Each structure stands twice: as C-alpha cells, then as structure tokens.
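> Please find one structure pasted underneath; my questions will follow.
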Amino acid sequence: MNIKYLLMFIALVQALIIAYFLGLNRHHSQPRPSATPTGTLFTTLTKEQADQSYRDGMRLLTEEGPARAQAFFETRFQESGHLTLLYGLAWTQYLNQDQAAAERNLVYILDHQPDTELAAHCHYLQGYLALNQARHQDAINGFEAAHHLYRLRDKQNNLFKCEIGMASAAVFQRRYERADELLNIAFSRFESGKVKHLGHFYHLKAKVSFGRKRWAAARTFAEKELAEFERIGDALNTGVAYGDLAFFRGLTGDLAGSLAANTEAESRLTQLQAQDKLIQTKINRILLAHCEGRTEDRLVEEVRAHVEAQNDLYAGEQLELLEDWECP
C-alpha cells in the first residue's frame, strides 16, 4: 500500500477512536442512556428486572411518598439506564412539581422507540402534565393518545385511568355533565372486574357533586374515596381523601368531624412532604374559621395565589363559595 494512503488511514482510525471516547464521555456526563437507532437501550437490566424495580419504586411512592420514590428512581435509573425506570422518575418528578424535568424525560423516552405500553404510559402522564398547566385540550389529546394505544392491548385498567384523566380535564373546565358521562364510562370498566380500585373515581364524583351543589352526595363520595385508598394502602391519596372529606363534612354541618379529618390530612401530607396537596387543608381551615366567626386573611391570600399560579379553578370555586356561604 502507498505509504501516503497508509498514513491517511491511520489518521482516520485515530480520529474515529477519539470521537468514540468523546461521545462516551458525554454519555456518562448526562443522566440519560444512549440507544441504537432501533431503540435497543444500553441497559444492565432485563425487562423483567426493570419491571420489578419499577414496582418497588411505586410501592415506595404509595407507602412513603413522592420524595422517597424519586430518590429511588434516580438511583436505579443511573445504575441501569432502563427507560421503564426513567418513566418512574418522570412520575415522581411530576408529583414533586418538577414539571419541566418530567416532560423532558417523557419526550426522551418517546424519542427512543419504547414499546406500545410504555409509549401509552408516557402519553398518559403528558396528559396530567398539561392538565396541571391548564392546557386542557393538550391534556385531553394526551389521554386520548394513551387511550388509543391501551385499547390495542386491551388494557382495561389503563383505559379506565385515561377516562378518569379526561373526566379530570372536564372538571377543571367546570364541564360537570361531561365529566359525569366520562366517569360513567369508566365505571363500566370497573364492572368488568379488571379495574384495581375506584379511589380516583370517587374523588372526581365528589368534585362533580360539589359543582352541582350536592353537598351530601359529595360527602358520601369522599367517604368512599377514603375507604378505597385506605384499602389499597395508598398513603398519599389517603391524605388527600381526608382533606376532601374535611371540606364536605364542613359544608354539611359536621364541624367537629371536619376539624378531625383536616388535622389528619395535614399530618399525613406533611409527613409525606406533599406540600402541593396541602391547599385543600388551607381551604378547610378557612371554612372552619368562617363558622367560628373568624377570618383567615393570610390563608385566603395563599389560596388566591395558588389559584392564580396553578389556574386551579376547583380551588377557586371553593373559595368563591365560602365568601358568601352561611355556615349550617
């Protein structure tokens, strides 16, 4: 071989080696895995192992709250580079109000050709991210995209969750009739025996009843919500349910019961570091103060700031009701 071409060949090989190691360094300096064009991830786990780690993380979420679960998923994803664990991390980031990070991770997963079920999970969570930002149509689009993919796999429990998500969007828009229609569709899936629990269903039925000014019905649904979340051992949503029940007990004249439930909600949610969920307990304190002839100006301003920042129309409607409400 001509010595000139031999030297050029050696230089080319050296350049490729340098480029490879530069790319490898970039890969290890980022919290996300690399992937081949076909979507096969460089991961240390089998699918079965990743699924088990995901279940372990979600159990932590249920039992100890989102902060503990996020730390778990961050560690396990860094160790394994598996997309399923990145999805778990995105869920906990969403629950911990790190919406931008959650969205980035979901987009990353979808860009790397996940299987049908994981793609559906990502669209589903994108629906809730959009809902939190008051992008109601984007939320519905996300839930519908997930619904389509879950239907291909006949995932009845996940179809139920998508319909619950769409009902949540309708509640945010104060479209209570539409929300109830979607909840009735969702309930038909529960009757098939493939839905795991009705906690979120009862949570939304309570909100719909509130929107229709049916306080007694709302209280009944909140009681069922609490019973469901306690039954499945969901610590976070049990705390939320106590907050819901406190509000509807107050509206129906059970002030002692309202105070007891609200105290329980505050204790549980604070212990779980779920600060964003405490807004309902603040509304409940405003209600209780109103019935005692007191004002809670600081709490009123905090709730108004929350409504403005989060576009939380439901909390706004609760506060609006209490301004002219006569304690029973």
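The values are calculated or read from the model by the stated rules, or taken from the named source; none is laboratory data. Quantities reported herein were computed from a predicted structural model and do not represent experimental measurements. Positions of Cβ are backbone-derived with ideal geometry, glycine not excepted, and every protein chain shown enters the neighbour counts.
> For the condition surrounded by fewer than 21 Cβ atoms within 10 Å (Cβ to Cβ), modelled with pLDDT of 90 or more and either under 26 Å from R175 (Cβ atoms) or touching a helix residue (DSSP H, G or I) at 6+ places or on another chain (Cβ under 9 Å) (or both), what is the one hit in T281, T252? Break it down stepwise before answering.
Values: T281 fails: surrounded by fewer than 21 Cβ atoms within 10 Å (Cβ to Cβ).
Just one listed residue meets the conditions, T252.
> Could I ask something else about it? Among the residues of the range 78-87, are any aliphatic (A, V, I, L, M), free of Cβ contacts under 8 Å to residues at least 24 places away in the same chain and crowded, with 23+ Cβ neighbours inside 10 Å?
Looking only at the range 78-87, we keep the residues that are aliphatic (A, V, I, L, M), and these are 83, 85-86.
Add one more test, that the residue is free of Cβ contacts under 8 Å to residues at least 24 places away in the same chain, and what stays is none.
Looking through the range 78-87, none of the residues is aliphatic (A, V, I, L, M), free of Cβ contacts under 8 Å to residues at least 24 places away in the same chain and crowded, with 23+ Cβ neighbours inside 10 Å.
> If you don't mind, another one. If you take the residues of the range 174-222 that are of a type in the set (V, I, T) and without any contact (Cβ under 8 Å) to a residue 24 or more places away in the chain, which of them is nearest to G257 (Cα to Cα)? Let's see the steps before the verdict.
As a first pass, look at the range 174-222 and keep what is of a type in the set (V, I, T): 185, 195, 208, 220.
Of the ones still in play, those that are also without any contact (Cβ under 8 Å) to a residue 24 or more places away in the chain are 185, 220.
Working: I185: 33, T220: 14 Å.
The residue in question is T220.
> In the range 255-272, what count of residues is obtained for those that are of a type in the set (S, T, Y) and out of contact with any Leu (no Cβ under 9 Å at 6 or more places or on another chain)?
Here is the first cut: in the range 255-272, the ones of a type in the set (S, T, Y) are 258, 263, 267, 270.
Narrowing further to those that are out of contact with any Leu (no Cβ under 9 Å at 6 or more places or on another chain): 263, 267.
Of the residues in the range 255-272, 2 are of a type in the set (S, T, Y) and out of contact with any Leu (no Cβ under 9 Å at 6 or more places or on another chain).
> Same structure again: Which one is surrounded by the fewest Cβ atoms within 10 Å (Cβ to Cβ), of the residues in the range 43-72 that are touching a residue at least 24 places away in the same chain (Cβ under 8 Å) and of a type in the set (V, I, T)?
For the range 43-72, the residue satisfying everything is T44.
Okay, residues lined up against (1) surrounded by 16 or more Cβ atoms within 10 Å (Cβ to Cβ); (2) within 19 Å of the chain's Cα centre (by Cα); (3) within 24 Å of L125 (Cβ to Cβ):
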| site | (1), (2), (3) |
| --- | --- |
| H148 | no, no, yes |
| V171 | yes, yes, yes |
| E177 | no, no, no |
| F190 | yes, no, yes |
| A217 | yes, no, no |
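> Being under 30 Å from E320 (Cβ atoms), modelled with pLDDT under 95 and crowded, with 21+ Cβ neighbours inside 10 Å narrows it down to one of L182, L131, so name that one. If you could, list the steps in order and put the result at the bottom.
Values: L182 fails: modelled with pLDDT under 95.
When all the criteria are applied, what remains is L131.
> How many of the residues in the range 127-159 are under 21 Å from A101 (Cβ atoms) and part of a loop (DSSP other than H, G, I, E, B)?
Adding up the residues that qualify gives 3.
> So, one more: From the list E103, E63, which one is among the charged types (D, E, K, R) and modelled with pLDDT under 90?
E63
> Just give me the residues in the range 207-230 being assigned to a helix (DSSP H, G or I), basic (K, R) and within 17 Å of A170 (Cα to Cα), in sequence order. Spell out the reasoning first.
Keep residues of the range 207-230 that are assigned to a helix (DSSP H, G or I), which gives 207-211, 215-230.
Still in the running and basic (K, R): 207, 219, 224.
Scanning the range 207-230 gives a single hit, K207.
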